[in-house]
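The values are calculated or read from the model by the stated rules, or taken from the named source; none is laboratory data. Treat the numbers as computed from the prediction; the structure is a model and nothing was measured. When we count neighbours, we look across all protein chains shown, and the Cβ atoms used for this are built from the backbone with ideal geometry, even at glycine. Please note that ligands, DNA and RNA were not included when accessible areas were found on the heavy atoms of the full protein model with its side chains. Shrake-Rupley method; radii C 1.70, N 1.55, O 1.52, S 1.80 Å.
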Amino acid sequence: MTTWVPDVLGDGYEQTTIRLGEDPDGEGQVEATLVRYQPADAPSFDRAVIYVHGFTDYFFQQHLAEHFAAKGYAFYALDLRKCGRSLCEGQTPHFVTDLAFYDDELNEALSLVRREPSGKSVLLLAHSTGGLILPLWLDRLNRQDGGTTGLGIDGVILNSPWFDLQGPAAVRSVGTTAIGVIGKVKAKTALPGMGLDTYGLSLAASEHGEWDYNLDWKPLSGFPITFGWIRAIRHGHAKLHRGLDIGIPSLILRSKVTHFSRKYSSEIDAADAVLDVRQIARWAGCLGDRTTIVPIEGARHDVFLSQDVPRARALGEVDEWLEWLHRSEHIERDSGRNHNELGTIS
């Protein structure tokens, strides 16, 4: 039996701990945290969504949970091992040496949600690094008997997914080779020259933004990027670039432009200050199945944390895509029913 307790987000939010056992990266016992939004006046949901965050991140986007609830989705969010609510004392934030390690909590979260009354139909939602982790997991699931649709997963929405390493071409060639070598022997050593706070300054209500969140779980300058972790990311990028088959339709939202800067300015508020959006556009076709890509004018790296107008447009694009997804599901069911009837007649 799953035990749910009150979550830090307050009324309507609960959490449960997913025990994962001994950390394969040697940092003791690891756990993940599944959060759910259960408002007191909630209707009977017949669908569910599971959200997965990015690097230097955790789930705090209450407006997103409330939006999906209004659309008839029970909302769940997963704080991955060593992230946010799941970070235990003595552990390196977000540190893994293989993105496939996350399969354990993703599988368990899906299983927990599928056992809920709303879990017969599941939508996935992920941001940034989560937008790399989820497709790799889905590709592995789709290669199993029954595939992703057999597990009740209907579609996935990726919010500025991290599909490649930004920066000069040399970083992706010679730099990746160096990362591979160093990452094997000095996995927890931090890369030099990281730690920009420009994006964080644009988000936090205490600075230039409007969002309140835990700065211990999402520091303005980000957590240190370790060689072992970025090596795992580059392995994930390579798999994606070879082509995946996630088995379900995807919606990809991104900003229209990138603006990298070492100092905060108002331009940071209307662009992706973290990833190169051209790379997202380039590699989106590697997911397999039907892919819809929508650039959002004026959006931040997390399009759902953008200012009012681009945020509203992003949510509107989600709603339109969900309407299409539901229509296509009905068409497929009707087509299958008609096919069965014809088979019976013949």
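Report the extension gain between Glu116 and Ser261 in nm, rounded to one decimal, defined as 0.36 nm multiplied by the number of residues separating them, less their alpha carbon distance.
47.7 nm
Can you check what the net charge comes to around Val274, using other residues whose Cβ is under 14 Å from the Cβ of Val274 (Lys, Arg +1; Asp, Glu -1)?
-3
Just read off the accessible area of Thr226 with the full protein assembly in place, 1.4 Å probe, to the nearest 10 Å².
10 Å²
With the full set of protein chains in place, find how many percent of the accessible area of region 184-287 is carbon and sulfur; take the probe as 1.4 Å.
Percent of accessible area from carbon and sulfur atoms in region 184-287: 51.
Give me the net charge of Leu305's neighbourhood, meaning all other residues with Cβ under 12 Å from the Cβ of Leu305; Lys, Arg count +1, Asp, Glu -1.
Charge balance near Leu305 sits at -4.
With the cut-off at 1.5 for a/c, could you classify region 226-291 from its C-alpha gyration tensor as rounded, prolate or oblate?
Verdict is oblate for region 226-291.
Could you report the accessible area of Glu22 in Å², rounded to 10, computed with a 1.4 Å probe on the protein chains as they sit in the structure?
120 Å²
For Asp46 and Ser173, what does the FRET efficiency come to when R0 = 56 Å and r is the distance between their Cβ atoms, rounded to the nearest 0.05?
Once the sixth-power term is evaluated, E becomes 0.70.
Counting Lys +1, Arg +1, Asp -1, Glu -1, what net charge surrounds Gln62 among other residues with beta carbon under 12 Å of its beta carbon?
Once positives and negatives cancel, what remains is -4.
Let me check something: with ligands and nucleic acids excluded, how do Arg115, Arg262 order by accessible area (1.4 Å probe), largest to smallest?
Arg262, Arg115
Would you tell me the accessible area of Ile18, worked out with a 1.4 angstrom probe on the heavy atoms of the protein chains, in Å² to the nearest 10?
Spelled out: Ile18, probe radius 1.4 Å, area about 10 Å².
Please label the shape of region 78-139 as rounded, prolate or oblate, based on the square roots a ≥ b ≥ c of the eigenvalues of the alpha-carbon gyration tensor (a/c under 1.5 means rounded; beyond that, a/b larger than b/c means prolate, else oblate).
prolate
Give the shape of the chain as rounded, prolate or oblate, defined through the alpha-carbon gyration tensor: a ≥ b ≥ c are the square roots of its eigenvalues, a/c under 1.5 means rounded, and otherwise the shape is prolate if a/b is larger than b/c and oblate if not.
rounded
Considering the zone a paramagnetic label at Glu207 would reach in this model (a point 7 Å from Cα along the Cα-to-Cβ line), which residues of region 284-311 have amide N under 19 Å from it?
Backbone N within reach: 299-308.
Ordering Glu14, Glu320, Glu89, Glu210 by accessible area with a probe of 1.4 Å, largest first, what comes out?
Accessible-area ranking of Glu14, Glu320, Glu89, Glu210, largest first: Glu89, Glu320, Glu210, Glu14.
If R0 is 56 Å, what FRET efficiency do you get for Lys184 and His63 from their C-beta distance, rounded to 0.05?
That gives a FRET efficiency of 0.85.
In percent, what relative contact order does the chain have, based on Cα pairs under 8 Å that are 6 or more apart in sequence?
14 percent
Which residue, chosen from Tyr199, Ile230, Phe55, occupies the Cα position most advanced towards the positive end of the dipole of the chain, where the dipole is computed from +1 (Lys, Arg) and -1 (Asp, Glu) charges on Cβ about the Cα centre?
The Cα lying farthest towards the positive end belongs to Ile230.
Among the trypsin sites (Lys or Arg not before Pro) within region 158-245, which fall in a DSSP loop and have no more than 13 other Cβ atoms within 10 Å of their own Cβ?
Answer by residue number: Lys186.
Where a Cα-Cα gap under 20 Å defines reach, which aspartates and glutamates qualify for Lys239, not counting those fewer than 8 residues away within the same chain?
In chain and number order, the partners are Asp98, Asp103, Asp104, Asp139, Asp164, Asp276, Asp289.
Helix by helix, which DSSP H runs in the chain go 15 Å or more along their axis at the Cα atoms and have an average Kyte-Doolittle hydropathy of 1.0 or more?
Those that clear 15 Å and a mean of 1.0 are 174-185.
Give Lys120/Lys188; Lys186/Lys263; Lys186/Lys218; Lys218/Lys263 a once-over and call out the pairs whose C-alpha atoms are over 29 Å from each other.
Lys120/Lys188; Lys186/Lys263
How large is the accessible surface per residue of the chain, computed with a 1.4 Å probe and reported in Å² as a whole number?
44 Å²
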